[in-house]
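Read the structure below first, then the notes.
The values are calculated or read from the model by the stated rules, or taken from the named source; none is laboratory data. Note that the structure is a prediction, hence the values are computed from the model and not measured. Quick reminder, even Gly has a Cβ in these numbers, built from the backbone with ideal geometry, and neighbours come from all protein chains shown. For accessibility, only protein heavy atoms count, side chains too; no ligands or nucleic acids. Shrake-Rupley method; radii C 1.70, N 1.55, O 1.52, S 1.80 Å.
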Amino acid sequence: MPNPEPNDQRRGLQVGPGVWIMAAVFLVVLPGLNIVPPADSWWHVSDFSLNRFGKFLSFAILALGLDLIWGYAGILSLGHGVFFGLGAYAMGMYMALSIGTESVYGSALPDFMVWNQVQELPLFWKPFHYFPVAVLGALMVPAACAFVFGSLAFRSRIKGVYFAIITQALALCAWLVFNRNETNLGGTNGLTDFKLLLGFRLSEPWTQRSLYLFTVVCLGVAYILCRAIVQSRAGKVLVAIRDSEQRVLFSGYSPAQYKLFVFVVSAALAGLAGALYVPQVGIITPAQIGVLPSLEMVIWVAVGGRGTLIGAIIGAIGVNWGRSVLTNYFPELWPFLLGGLFVAVVLFVPDGIVGLWGRVKIWVRPEQSEIAKGSSPGKWILT
């Protein structure tokens, strides 16, 4: 593989102004507008809105991981909802146990176990009395599942549409398993009625503000991690695998190892997103881990611009913000709008929103059209 040019190496250590602007908005502006202006001010950001943005940012972490494997390695996964759900359930189990006897029935068991006449806490629940176990479980369980699944798939040289189909089958299987009451994970109702996190009341505004800020920090760390991978030699190999796997194989590299590595990292990021999602939303159900949410995650990345980390963040936040707004007025039309948006992006803006920025630059400065033939100039501006 050719070594990267010195200029490329220097550029890889830098970030564009778009990243700094987004960091300032999410880390300073939004929390500031939540605290400083009075509640009746037009500039005031309510606790509800801040909490909603915290949810969007957790989705952005998942989108980063999905973009890493789809945008850079060319591996379309339609089962990332499973990894998201595993992380969310790991944290949800800890929070369900942390309330003790404050549940509706006053039992030390979660309410759904009382309904199902479970007499004793199942063995696999007991480690989740401890927060470190929940955090490790949210990261390691999705990563371990991805390792096992990816090892079987990549060593069997399953790729392309066949890999997408089996990951979709994985999402369907997981959805069916988590829906069953026999699994002792809440069945179709999932886990809810969370009250505490590390002893702090989730109903307190400053608890939600702290969760929001922690999510912003996690998103920043996830972005730096993904950028380091993309700019490393492994990242170059991943892009080469996307462009021509046979050529990489003949060059002496093992594509299966690189694909397995990025698949595991992507799953761990999805698990982290799920762990951050649960305390901010207050519920996790099998509906979040099935086929449909996994497909929506792909649309986030496609709309933002796959192959550009910042595009994945923009897509996840933008699509979910649009969903939150539009479903207030046209809830029955949202699936059609989402599908139409995906079709429009595929047909007219295949580089997503980030690519759209590049196309605008070409329209303004046509002399740069030759540059755009090689890559979208908007990518560097925004990434």
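Using the structure shown, decide if G100 is free of Cβ contacts under 8 Å to residues at least 12 places away in the same chain, open to solvent by less than 30 Å² (accessible area, probe 1.4 Å), outside any helix (DSSP H, G or I) and not hydrophobic (A, V, I, L, M, F, W, C).
Working: free of Cβ contacts under 8 Å to residues at least 12 places away in the same chain: yes; open to solvent by less than 30 Å² (accessible area, probe 1.4 Å): yes; outside any helix (DSSP H, G or I): yes; not hydrophobic (A, V, I, L, M, F, W, C): yes.
When the stated conditions are applied, G100 passes them.
Given the residues P293, P286, which is the only one that is under 15 Å from the mean Cα position of the chain (by Cα) and touching a residue at least 60 places away in the same chain (Cβ under 8 Å)?
Answer to the check: P293.
In region 38-83, how many residues are open to solvent by 10 Å² or more (accessible area, probe 1.4 Å) and part of a helix (DSSP H, G or I)?
Total meeting the criteria: 11.
Inspect all residues belonging to region 283-292 and state whether any of them is in a helix (DSSP H, G or I), buried (at least 19 other Cβ atoms within 10 Å of the Cβ) and either touching a Pro at 6+ places or on another chain (Cβ under 9 Å) or at pLDDT 95 or above (or both).
no
Would you be able to say whether some residue in region 103-111 is surrounded by fewer than 20 Cβ atoms within 10 Å (Cβ to Cβ) and outside any loop (DSSP other than H, G, I, E, B)?
The answer is yes, given that some residue of region 103-111 is surrounded by fewer than 20 Cβ atoms within 10 Å (Cβ to Cβ) and outside any loop (DSSP other than H, G, I, E, B).
Return the residues of region 125-139 that are without any contact (Cβ under 8 Å) to a residue 24 or more places away in the chain and among the hydrophobic types (A, V, I, L, M, F, W, C); say none if nothing qualifies.
L136, the sole residue that qualifies.
Could you look through region 148-171, keep only residues that are within 23 Å of Y253 (Cα to Cα) and of a type in the set (G, A, S), and pick out the one that is most open to solvent (accessible area, probe 1.4 Å)?
S156
Every residue, every condition in (1) in a strand (DSSP E or B); (2) of a type outside the set (A, V, I, L, M); (3) over 18 Å from H80 (Cα atoms), yes or no:
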site	(1), (2), (3)
A273	no, no, no
P279	no, yes, yes
G318	no, yes, yes
R323	no, yes, yes
V345	no, no, yes
P350	no, yes, yes
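Take the residues in region 172-214 that are within 25 Å of S107 (Cβ to Cβ) and among the small types (G, A, S); name whichever of them is most open to solvent (accessible area, probe 1.4 Å).
S203
Return a yes/no flag: does region 319-337 have any residue that is among the small types (G, A, S) and at pLDDT below 85.
The first filter runs over region 319-337 and keeps only residues among the small types (G, A, S), leaving 322, 324.
Now drop any that are not at pLDDT below 85, which leaves none.
The answer is no; no qualifying residue exists.
Filter region 245-281 down to residues that are at negative phi and open to solvent by 30 Å² or more (accessible area, probe 1.4 Å), then give me how many there are.
The total comes to 14.
State all residues of region 304-324 that are open to solvent by less than 50 Å² (accessible area, probe 1.4 Å) and either more than 14 Å from the chain's Cα centre (by Cα) or of a type in the set (G, A, S) (or both); if no residue qualifies, say none.
Once the filter is applied, which keeps residues that are open to solvent by less than 50 Å² (accessible area, probe 1.4 Å) and either more than 14 Å from the chain's Cα centre (by Cα) or of a type in the set (G, A, S) (or both), region 304-324 yields G304, G305, G307, T308, G311, A312, G315, A316, G318, G322, S324.
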